[in-house]
Amino acid sequence: MEILEALKNNGFETADYLVFVAYIVLLVGMGIFLSRGKKGEEKSSTDYFLAGNTLTWWAVGASLIAANISAEQFIGMSGSAYVSGIAMAAYELMAAATLIVVGKFLLPLMIEKKVLTIPQFLSERYNWGVGLSFSIFWLFLYVFINLTSVAWLGALAMKQILGLPTIAGVFMGMNVDMTLLVIILFLFVVAGLYSIYGGLASVAWTDVMQVTFLVGGGLITAYAALDVIAGSLDIEGGALGALGQIYTELLENPDDKHFNLVVTRNEELYPVINGIVENGVTIQKADPYFDIPGIVVIVGALWLTNLGYWGFNQYIIQKGLAAKSLAEAKKGMIFAAFLKILIPFIVCIPGVCAFYIMNSPDCADLRASLAGSLDRPDDAYPWLIRNFTPTVIKGLSFAALAAAVISSLASMFNSTSTIFTMDIYKRFFNKNASEKKLVNVGRMTSVAALLLALIAVYPIMGGADQAFQVIQEYSGFVYPGIVVIFGLGLLWKRASGTAAVVAAIGTFFFSILFKFMLPDVPFLLRMGYVFACLVVLFFSISLMSKKAVPAEQLDEYTIKTQLKWSNITIISAVVCLCIGIASMFSHELRCYGFEAIFFLALMLGSIGFYLRSNAKDKVEDPKSIGVDIAIFRTDSAFNIGAIAIIVILTILYVALW
């Protein structure tokens, strides 16, 4: 009865519920319909795990974004924007730049080498032990971190938006909120209904619809909040006028950084960079710079997070591998990059709006008229939907949030089943398994992942005020090692299996070491330190390898091209190093996080080193993969799209620096 009463008095009308129900029915029905096979034909493993390599560029791009955008963005990033402002948009904006790099250099190599899973590549490039280790690691990560965090954040948001009460209960011997647990089960079941049956084809083609819902619903939510602010404060120009006034007012406060894409260190306002908390009471808030340290988000270790996530993450890159051709895959990356630029307007602006409403003296009357409370930053987005969106639009915004969560869960189910089936079951248990058997094992794996995540979600999740930042920091333990192992494994002919094992262990060792040794250093800077240690170790161990064999002779054009770019990158690295050293003598530049220039110098120097090694060294690792540099050529459509993205990013950073 409590639930029914809450559903009647939460501001939702019958039309809103009908919109949401229609979306769920359409989603599941469409997923099952689109995944049906030809009459009398069984699905093959390629059909199930790679959609039969039939995805067009727009399906690849839409599916990439649908898998990426989840409650982590809608709830977590909006919460971080409430605290720190639009600088959190750097994660999205720089992801757009990263997709250009992935589309030009990484994805072509994977498609040419017919990579089905990331661990498969590791097994072939290094050894089966490295591949198996990462298979197990990713299975644990997807089931116990990704599935649980996405479902948890989504359920929390849905519960708050609907204004549902907490109903205490016991599950598996734990005291739980049964309302929350039922919502999590609902999300798992809906995502599983079509993804487990239809595989990647169901996931990818329904993602096209889901992206329409989540982008459209997200933009409408931001517009609705701004429009209400405009009406309440009698601002001319509607939503755009309200955005202009919020921008002007916050910019007039020199201590406010909500409309700065680059956050500088403010020692006067925040003497202790990571804040002071005593007995659970916040004495001093952390400097926003601690989460988003200056230019580190442009030229620093954020590139590790983005390359690791977009280039070497199974449930993301699998969409590109399923494209009908390399050209379609590349165009899909560009399309996804354009969509990524929209995300700040979908998730960060609502967070800033919520901050303005809760803190501006002009909004006192508006605050008094609103339902619900905003107790934690992560409550910002659900609170806006509940209070500011009109009938039908409220249902659409709610469906958009559900679309974000369900599409990500569906992608994770499919990628979990792909890794277990192809990298563990087929390799170690049944090498001669039939195609039908592989598909069935994939489906059973997804069901097992669903049940395990449901059991694990409560003890693992909860308690984090800014979930997006927590997820990013602990993902940062892994990404330096992943970028070194995968990046150099793909591109450097002397990368050795021993170096890969050391880097895999080192990424955790150094990350934990620096976290305890340097607790007041922003985690994005610590990631750069870890990367530096791993690069030195990886190059040193690989160069000392006794297993090297004579290298294949390269053609003159390849040698000259690699040496030319080696010279360019090494000279650039030296210039960056000089700028970095000079910046250490300027307090103002240090407040902008100019230490990141040293990271950029290391990245450029590493590229220059392996290019020179590839061109000149007479030996190579026995398992190195030959790289035909012609595969990196791109057509005019890709080049024009890439230039347009870079221009847009430049304009945004210049305007909102």
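The values are calculated or read from the model by the stated rules, or taken from the named source; none is laboratory data. All values reported here derive from a predicted model rather than from experimental measurement. Cβ placement follows ideal geometry from the backbone for every residue including glycine, while neighbour counts extend to all protein chains displayed. In case anyone asks, the SASA skips ligands and DNA or RNA and just uses the protein heavy atoms, side chains included. Shrake-Rupley method; radii C 1.70, N 1.55, O 1.52, S 1.80 Å.
Observations
- ³J(HN,Hα) computed for each position of the range 207-218 - Karplus, 6.51 cos²θ - 1.76 cosθ + 1.60, integer Hz, glycine/proline x: 4, 4, 5, 5, 5, 4, 5, 6, 6, x, x, x
- Carbon + sulfur, % of accessible area of the chain - ligands and nucleic acids excluded, 1.4 Å: 66 percent
- Here the Karplus relation 6.51 cos²θ - 1.76 cosθ + 1.60, evaluated at θ = phi - 60°, turns the backbone of the range 136-150 into coupling constants of 5, 4, 5, 4, 5, 4, 5, 6, 9, 10, 5, 4, 5, 5, 5 Hz, with x for every Gly and Pro.
- In this view, the solvent-accessible surface of residue 47, computed with a 1.4 Å probe and all protein chains in place, comes to about 60 Å².
- Dividing the helix sum by the residues of the chain, where each DSSP H run of 4 or more adds -39500 (n - 2.57), gives a mean residue ellipticity at 222 nm of -21500 deg cm²/dmol.
- Surface accessible to a 1.4 Å probe, residue 326 within the full protein complex, Å²: 50 Å²
- When you restrict to C-alpha pairs under 8 Å that are six or more residues apart and normalise by the size of the chain, the relative contact order lands at 26 percent.
- Accessible area in square angstrom per residue, the range 469-560, 1.4 angstrom probe: 44 Å²
- Simple point charges give the picture: +1 on the Cβ of Lys and Arg, -1 on the Cβ of Asp and Glu, and for the range 217-266 a dipole about the Cα centre of about 280 debye.
- Charge dipole (the range 507-652, unit charges on Cβ, about Cα centre) - positive-most of 584, 548, 652: 548
- Listed by chain and number, the aspartates and glutamates whose C-alpha is less than 18 Å from the C-alpha of residue 437, apart from same-chain residues fewer than 8 away, are 41, 42, 47, 423.
- Heavy-atom accessible surface of the range 243-398, averaged per residue, reaches 36 Å², computed with a 1.4 Å probe.
- The simple spin-label model puts a point 7 Å past each Cα toward its Cβ; for residue 565 and residue 512 those points are separated by 3.7 nm.
- Farthest positive-ward along the range 288-417 dipole, Cα basis, beta-carbon charges - from 323, 393, 408: 323
- The dipole here belongs to the chain: it is taken about the Cα centre, uses +1 on the Cβ of Lys and Arg and -1 on the Cβ of Asp and Glu, and is about 3000 debye.
- log₁₀ of I(q)/I(0) at q = 0.14, 0.18 Å⁻¹ - the range 526-657, Debye sum with one point per alpha carbon: -0.90, -1.19
- Point-charge dipole on Cβ atoms (K/R +1, D/E -1) for the range 525-621, about Cα centre, debye to 20: 160 debye
- Accessible-area rank, largest first, for 265, 125, 633: 633, 265, 125, with all protein chains present and a 1.4 angstrom probe.
- Counted by Cβ distance under 14 Å from residue 587, the other residues give a net charge of -2, where Lys and Arg count +1 and Asp and Glu count -1.
- HN-Hα J in Hz across the range 576-590 - Karplus 6.51, -1.76, 1.60, θ = phi - 60°, x for Gly and Pro: 4, 4, 5, 4, x, 5, 5, 5, 5, 8, 10, 5, 5, 5, 5
- In the chain, the DSSP beta bridges split such that about 90 percent are antiparallel, to the nearest 5.
- Residues whose amide H lies under 5 Å from that of residue 619, counting only those 5 or more places away or on a different chain, are 551; hydrogens are built 1.01 Å from N in the peptide plane.
- Per DSSP, loop chymotrypsin sites (Phe, Trp or Tyr not before Pro) in the range 193-290 with at most 10 further Cβ within 10 Å: none
- For the residues 587, 258, a 1.4 Å probe over the protein chains yields an accessible-area ranking, largest first, of 587, 258.
- Of the chymotrypsin sites (Phe, Trp or Tyr not before Pro) in the range 511-620, those whose Cβ has at most 15 other Cβ within 10 Å and which sit in DSSP loop: 585
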